[in-house]
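Accompanying notes for the structure given below.
What follows is calculated from the coordinates using simple rules that are stated; it is not laboratory data. Everything quoted here is computed from the prediction, not taken from an experiment. Cβ: placed from backbone, ideal geometry, glycine included. Neighbour counts: every protein chain shown.
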Amino acid sequence: MHIWREITEDLISVRVPEVVEPFPGSTEIIGDMQALQMVITQPEVIHHLLGKYAAVTQEWISRQLAAAGDNPHWGTFHVRLPKRHISLAADTLVLLSPTHLHEFAVPYIMRVVDDLDGFFVHYCGGNTHLLPVLQEIPGFRGVDSQFDLQQYPMARQILRPAAVILSLELVMHFGLSAVSSGHEPKNVSWRCE
């Protein structure tokens, strides 16, 4: 980062990829099914792993901020976030109930984003049951997911106008003959509100 800052004279920001949220990061270490079972059978072990993962992630974020100076930005491959905001990859959070989200996600998200001005959460599938819990976390600014036409209005209603919804919407305009002939969808569009 120091070399990039020197070459660009700090005019071009340092881009840092999204960070894996502690629960999904932990499930990558021990496996999804194992972690989900341990939420019920050995919660103290999962909490221990989540605490370690959150501490390492928080340290990494601090070092990235120090190395990037005043000009870092985090984000996914398609979204540039405001300064001092981060995108958390959180796909396996959709496997948790709201009760388990409060216990096994919220405290660790809060720890990871403590030194930042805000955060976004990325997860695939457009599930909406996470949204009421996420919006309660201080610093939550929005979600990046694939809400379909039925999920999007529910997501907007839950999040209200204050939160940003970034959604990749795949619009398919073809019938069975097009599908059977192997044609790709005619329109892929981004919706950012």
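What FRET efficiency do you get for C124 and I30 if R0 is 22 Å and r is their Cβ-Cβ distance, rounded to the nearest 0.05? Show your work: numbers first, answer last.
Values: r = 21 Å, r/R0 = 0.94.
Given R0 = 22 Å and the Cβ-Cβ separation, E is 0.60.
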What is the set of long-range amide H partners of L166 at a cut-off below 5 Å, with H atoms built 1.01 Å from backbone N? V143, D144, S145
Could you list which residues have their amide H under 5 Å from that of F140, counting only those 5 or more apart in sequence or on another chain, with H placed in the peptide plane? F119
